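Reading through the structure tokens given below for one structure.
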Amino acid sequence: MFRGTSFHTIDSKGRIIIPARFRDIIKNGDQDGVVVSRMDGTLYAYPSEEWRKIENKILSLAEKSDSMRRFRRIFIGAAFECSCDRQDRILVPPALRQYAELEKDIVLVGALDHFEIWSLEKWNKELEEMENDNKKEDVRNEIAKLGI
């Protein structure tokens, strides 16, 4: 499971060093890399095994609504396999870097079955929004249901 937050940089070629604790999870699978796609203004990186589960869930959906077709088209269509190189880096394709506005300072955020790749600026905005949301009673009640 991916947990924790790491602050890194992305180099001019679009390479990101994967932290050891994330790399260990990735290398436990049958591949030495991740599948990266886009959502919520950031990038989601899944080990191949988890990605296959998502694809199977999407394929098994009985409902083929316009919004689900659009989601499938964008989420699956934007996905790239990113292998780790000898220095344990992944190369993020230009289209995904542009979408997530990754330029230099980035944040890798563990989200259990995947990790997210944020620009530092967007991550700071996300933290601020969460703090504001936590002040709302309905959000606090949802969190309380988790026993937190």
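The values are calculated or read from the model by the stated rules, or taken from the named source; none is laboratory data. Small disclaimer: the values here were computed from a predicted structure and weren't measured. Because the Cβ atoms are built from the backbone with ideal geometry, glycine has one as well, and the counts that use them run over all protein chains shown.
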Which residues, counting only those in the range 79-106, are over 14 Å from Val36 (Cβ atoms) and either crowded, with 21+ Cβ neighbours inside 10 Å or among the charged types (D, E, K, R) (or both)?
Asp85, Arg86, Asp88, Glu101, Glu103, Lys104, Asp105
Return yes or no: is Phe75 under 22 Å from Lys27 (Cβ atoms), touching a strand residue (DSSP E or B) at 6+ places or on another chain (Cβ under 9 Å) and either in contact (Cβ under 8 Å) with a residue 24 or more places away in the chain or surrounded by fewer than 16 Cβ atoms within 10 Å (Cβ to Cβ) (or both)?
no
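Tell me, please, whether a residue that is farther than 26 Å from Phe7 by Cα and in contact with a Leu (Cβ under 7 Å, 6 or more places away or on another chain) can be found in the range 71-83. Give the steps one after another, and end with the answer.
Going residue by residue through the range 71-83, those that are farther than 26 Å from Phe7 by Cα are 71-74, 76-77.
Restricting the remaining residues to those that are in contact with a Leu (Cβ under 7 Å, 6 or more places away or on another chain) gives none.
No.
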Being more than 19 Å from Phe7 (Cα to Cα) and acidic (Asp, Glu): is that true of Asp88 here?
no
Residue by residue through the range 2-36, note down the ones that are part of a loop (DSSP other than H, G, I, E, B) and either on the phi < 0 side of the Ramachandran plot or free of Cβ contacts under 8 Å to residues at least 12 places away in the same chain (or both).
Arg3, Asp11, Ser12, Lys13, Ile18, Pro19, Gly29, Asp30, Gln31, Asp32
Please go through the range 13-30 and pick out each residue that is modelled with pLDDT of 95 or more and over 17 Å from the mean Cα position of the chain (by Cα).
Lys13
Can you tell me which residues in the range 23-57 are closer than 12 Å to Ile117 by Cβ and either of a type in the set (Ser, Thr, Tyr) or surrounded by fewer than 21 Cβ atoms within 10 Å (Cβ to Cβ) (or both)?
Ser37, Arg38, Met39, Asp40, Gly41, Thr42, Tyr44, Tyr46
